[in-house]
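Here is the structure we will look at.
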Amino acid sequence: MVHAPALDQRLTVAPSRDAVEALAATLDEPGWLRDHRLSALATFESLSWPSADEEEWRRTPMDGVPLEDWELPHEENTDPPATLAPLGGDEAGLLSHSNGSTTEQALDEALAAQGVLLLPLSQAAREYEALVRAHLNTVTPTGYDRFTALGAALWSQGLFCYLPRGLTVEQPLLHYLGKRAGASALGHTLVVAEAGSTATLIESCASDGTSTSAPSLTHHTIELALDTAARVQLARVQHWDPATTAFLTARARLGRDANLLLASVDFGARLSKERLEIDLSGSGSHADLLGLFVGRDAQHIEHNTRQNHSGVGGSSDLLIKGALDDQAAAVQYGVIKILPEGQKTAGFQTMRNLLLSEGASADPIPVLEIEADDVQCSHAAAVGPVDPDHIFYLQSRGIPPEPAERMVVQGFLEIVAQRLPGQHLREAVAHLIEAKLDTPRASEGTGP
């Protein structure tokens with residue numbers, strides 16, 4: 001099913017009831033979802049944008065973010081952006097969005113027969129009302145903050161993934177999200193994994209690459225509900241255009257013995273701020289959080305993470321690595337919180353930033369809040385330039401300085417890249433890293 005454009009006119013004013021109702025009608029949504037959107041709109045109107053007085057926002061450069069003047073998709077464009085990473089090749093299912101429209105939809109027939117769902121969220125709300133209503137905005141409430149309320153009211157790029165009890169999906173499921181440069185995009189991904197199910201979902205988001213000075217805003221909410229012993233891997237590759245401000249709110253709730261890998265790979269956007277929060281309330285649950293990025297020019301790349309432990313015997317491991325050149329900046333603000341009942345917990349954080357120029361900067365901030373006494377926790381944070389001894393070693397073997405530096409940076413990032421799910425994804429990310437590192441430095445220009 002291919003949807004029409006999300007709206008028939010540009011939205012550059014505050015979100016309104018008319019806009020919400022027009023969007024719900026365009027996407028042919030049931031009344032309950034329209035009412036859910038309107039309730040989220042009311043929540044949005046009752047909240048304020050985050051303030052620099054808040055600890056997790058005071059390092060975020062919000063100047064220039066188009067909070068009140070942005071454009072929702074309003075014309076048909078089904079051409080996929082050229083910068084969308086070719087992550088497929090062996091996928092079990094695919095859902096593709098472009099400018100608010102569903103442009104491609106496929107799922108292996110055998111999986112569909114066994115009850116797996118990979119659908120546009122609007123379609124799932126019509127055809128599987130009880131299932132979607134039971135989970136939508138339960139892991140991430142609409143009132144979490146003003147961004148999530150806005151997204152709940154006006155998302156058009158929605159995905160619903162359902163994994164039946166005990167079922168293993170061997171090949172990855174893919175979700176492509178595209179937009180033209182200058183347009184904004186709001187999305188919502190909802191994954192429900194029943195007990196004992198296993199799957200990998202890979203999301204790739206990109207703009208069409210057209211240069212533009214028009215600022216745009218994106219926000220995507222990801223909700224992951226994992227039941228007992230479910231195993232889910234979700235990796236997201238972001239390659240928005242340089243005028244985009246990109247926000248991501250990803251939250252997961254893990255049941256007993258559930259296992260989650262949540263990975264974020266960032267190359268694009270002027271400002272990228274990702275909030276990754278895991279609720280390890282299930283005893284014996286485990287989560288791996290991965291972050292990988294390359295920043296150039298004046299990009300700001302920020303990760304706010306929370307590893308919340310309340311289950312007995314849970315464990316979590318955060319690893320973020322990035323390289324920064326020109327005037328790019330990065331922030332990692334990561335919290336491990338262990339409640340009194342979270343005994344026998346293990347929580348770890350590692351944040352490492354490689355600075356490739358004097359103008360680049362990074363601010364890793366690990367935080368431990370431990371209220372239990374039988375735990376293992378550690379954190380490590382580092383910021384520094386490329387080790388000159390590594391460069392010298394490669395030069396002594398005939399490799400010129402610039403290729404030698406690139407090899408060192410690639411090796412530094414490879415540790416995270418190799419933990420991403422699937423060979424196709426790892427190869428695609430390796431190519432994107434190489435392309436980003438090969439971009440001329442801002443001080444060098446692009447030549448004649």
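For this structure, a couple of remarks:
- Net charge of neighbours whose Cβ lies under 10 Å from the Cβ of Gly282, counting Lys and Arg as +1 and Asp and Glu as -1: -1
- Structural size metrics of the range 163-287, computed from C-alpha coordinates, are Rg and Dmax of 15.8, 49 Å.
- A simple spin-label model places the labels of Ser396 and Glu369 4.9 nm from each other, with each point 7 Å out along Cα-to-Cβ.
- Within the chain, longest stretch clear of exposed GluC sites (Glu not before Pro) (DSSP loop, no more than 13 other Cβ within 10 Å): 171-357
- The chain: mean projected area of Cα convex hull, nm²: 21.5 nm²
- For Thr439, distant residues with modelled amide H under 5 Å away: none
- In straight-distance terms, cross-link reach from Lys436 covers every one of the lysines whose alpha-carbon lies under 21 Å from its own, apart from those fewer than eight places away in the same chain; here that gives Lys179, Lys273, Lys321.
- P(r) tail fraction, the range 226-358 - alpha-carbon pairs more than 22 Å apart, %: 38 percent
- Of the trypsin sites (Lys or Arg not before Pro) in the range 373-421, those whose Cβ has at most 14 other Cβ within 10 Å and which sit in DSSP loop: Arg397
- Local charge for Cys377 was computed over the other residues whose Cβ lies under 13 Å away, with Lys and Arg +1 and Asp and Glu -1, and equals -3.
- With the simple model of a label 7 Å out from the Cα in the direction of the Cβ, Asp438 to Gln418 spans 2.3 nm.
- Gyration tensor (Cα) of the range 220-276, equivalent ellipsoid semi-axes in angstrom: 27, 10, 6
- Within the range 95-134, the proportion of C-alpha pairs whose separation exceeds 15 Å stands at 49%.
- Within-9-Å neighbourhood charge of Leu174 [Cβ basis; K, R +1; D, E -1]: -2
- Calculated on the Cα set of the range 146-194, radius of gyration then Dmax: 14.0, 43 Å.
Readers should treat all values here as calculations from the given coordinates under stated rules, not as data from a laboratory. Please read all numbers here as calculations on a predicted model, not as lab measurements. No Cβ is skipped: glycine too gets one built from the backbone with ideal geometry, and neighbour counts run over all protein chains shown.
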